[in-house]
């Protein structure tokens with residue numbers, strides 16, 4: 001009985017320690033985005049702060065609404081409304097999605113979600129067969145249930161934005177090089193100048209960021225790439241390469 005109590009005590013101590021670490025990490029990430037959200041309030045070197053996705057609209061800002069929901073979406077909205085808003089913004093392939101995994105050695109990545117994933121004597125992984133070549137591969141479609149699992153934290157999904165006709169509805173620009181804070185600020189300043197709403201998200205590691213753009217209509221992937229590859233330093237005083 002004593003040994004069991006000691007094990008429970010140890011698990012509780014580990015859990016409390018992990019909670020403390022997560023709270024510290026959360027605080028650090030919040031402080032990282034002040035360079036973008038409140039650049040004029042900083043008297044020392046700024047950092048970037050966001051609440052998951054922080055919008056940086058032009059002065060004539062408006063509330064983001066789901067196409068199928070009349071009221072603005074916030075943390076008090078129903079799960080159904082939040083799922084609809086998510087699907088309204090992140091419109092990619094619906095026949096497949098990726099799911100994040102973490103290995104025993106702490107390596108992580110994304111793989112297409114499959115009904116037979118790791119099923120004994122069914123999944124090709126047991127025979128070291130790549131997923132793409134597995135004859136038992138049966139992809140799971142992206143539906144409201146999977147999005148709810150993602151939003152509730154049960155799983156972490158990845159969306160394939162490139163549609164079969166080489167078009168897309170949104171774009172993410174990744175910043176992870178040295179000086180990424182300055183690059184993100186420069187891009188957001190340019191976006192404000194040309195009234196292009198951008199959303200900043202800090203990377204999972206805290207050492208980079210993504211800037212998201214959601215298009216009002218489907219555009220070609222080539223057009224999205226041209227916008228992505230247009231260096232912020234060339235935007236000063238010039239028009240954007242393409243209208244979003």
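Can you compute the modelled spin-label distance between residue 204 and residue 122, with each label point 7 Å from Cα toward Cβ, in nm?
Here the answer is 2.6 nm between the modelled labels.
FRET efficiency for residue 162 and residue 193, Cβ-Cβ distance as r, R0 = 25 Å, nearest 0.05?
Once rounded, the FRET efficiency stands at 0.30.
Compute the FRET efficiency between residue 13 and residue 217 as 1/(1 + (r/R0)^6), taking r as their Cβ-Cβ distance and R0 = 51 Å, and round to the nearest 0.05.
0.40
Say R0 is 30 Å: what FRET efficiency, to the nearest 0.05, do residue 139 and residue 178 get from their beta-carbon distance?
0.20
Mean shadow of segment 93-160, computed from the convex hull of its alpha carbons, in nm²?
5.0
A short reminder: the numbers here are calculations on the coordinates, not readings from a lab. Computed from a predicted structure; not experimentally measured. Here Cβ is always computed from backbone atoms with ideal geometry, including for glycine, and neighbour counts include all displayed protein chains.
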